[in-house]
1. Only one residue in Ala67, Ala13 is of a type in the set (Gly, Ala, Ser), under 29 Å from Ala130 (Cα atoms) and either out of contact with any Pro (no Cβ under 6 Å at 6 or more places or on another chain) or surrounded by 15 or more Cβ atoms within 10 Å (Cβ to Cβ) (or both). Which one?
2. Given the conditions (1) surrounded by fewer than 18 Cβ atoms within 10 Å (Cβ to Cβ); (2) of a type in the set (A, V, I, L, M); (3) under 23 Å from Asn51 (Cβ atoms); (4) in contact (Cβ under 8 Å) with a residue 12 or more places away in the chain, which single one is not true for Met134?
3. If Arg103 satisfies every condition in (1) more than 24 Å from Glu18 (Cβ to Cβ); (2) part of a loop (DSSP other than H, G, I, E, B); (3) at pLDDT below 90 but one, which is the exception?
4. Mind telling me which of the residues Leu7, Leu78 ends up being at pLDDT 95 or above and loosely packed, with under 13 Cβ neighbours inside 10 Å?
5. Got a sec? Which of Ala80, Ala120 is assigned to a helix (DSSP H, G or I) and within 14 Å of the chain's Cα centre (by Cα)?
6. Name the pairs whose Cβ atoms lie under 7 Å apart, with the first residue in region 102-124 and without any contact (Cβ under 8 Å) to a residue 24 or more places away in the chain and surrounded by 12 or more Cβ atoms within 10 Å (Cβ to Cβ), the second assigned to a helix (DSSP H, G or I) and hydroxyl-bearing (Ser, Thr, Tyr), and 6 or more positions between them or separate chains?
7. Of Arg38, Arg42, Arg46, which residue is within 25 Å of Arg102 (Cβ to Cβ), surrounded by 14 or more Cβ atoms within 10 Å (Cβ to Cβ), among the basic types (Lys, Arg) and modelled with pLDDT under 95?
Amino acid sequence: MSSLIPLLAALVAFLVMEPVTALSHRLVFHGPGTILHRSHHRPNSRGWEANDLFPVMFAGATITVMAVGALRPGLSILIAIGGGVTAYGASYLVVHDLYIHRRLAVLPERVEWLEPLREAHRIHHLYNAAPYGMLVPVVPAELRRRAASTTRDPIRTRESAEAAVSAEAAPSSA
């Protein structure tokens, strides 16, 4: 039973990260952290964004928590909790950065069961509002209705802007 406790702690940490992420996205990223996060809502011609500092900071905090768990035997459960948080971060990276924003074209262009997440994120970028979660986004019905009436896709527009910059930077064959 005692070996099951760290596994359960990691699973609970993973699950709790979705509401924590949604809340921090709403209150921090679209609040005082806007100075960094606004780079994510604009077309970007570079590979990195100021917004990328957020996962670096979160990873640093998680590493610190796991180190405390490793150094203090009575707090070893923190290692499992950090593992759950890290698993959530990896899932977020795959879904958000690799699939939705295609920051590296390593995943298929379209995965049917991930499309609702892409659509929810399109709505977030359209209105700079909810949903703030990623893996279980809660999209307000009114925003879903408004988004259904437009084909505009700020995520695809971003890809188009990046492709144009890449094309300009490529040596011409003329």
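The values are calculated or read from the model by the stated rules, or taken from the named source; none is laboratory data. Since the structure is predicted, the reported quantities are computational estimates derived from the model, not experimental observations. Note that we place each Cβ from the backbone using ideal geometry, even for glycine, and neighbour counts take in every protein chain shown.
1. Answer to the selection: Ala13.
2. (1)
3. (1)
4. Only one candidate passes the filter, namely Leu7.
5. None of the others qualify; the one that does is Ala120.
6. Leu107/Tyr99; Val111/Tyr99; Leu114/Tyr99
7. Unique residue meeting the criteria: Arg38.
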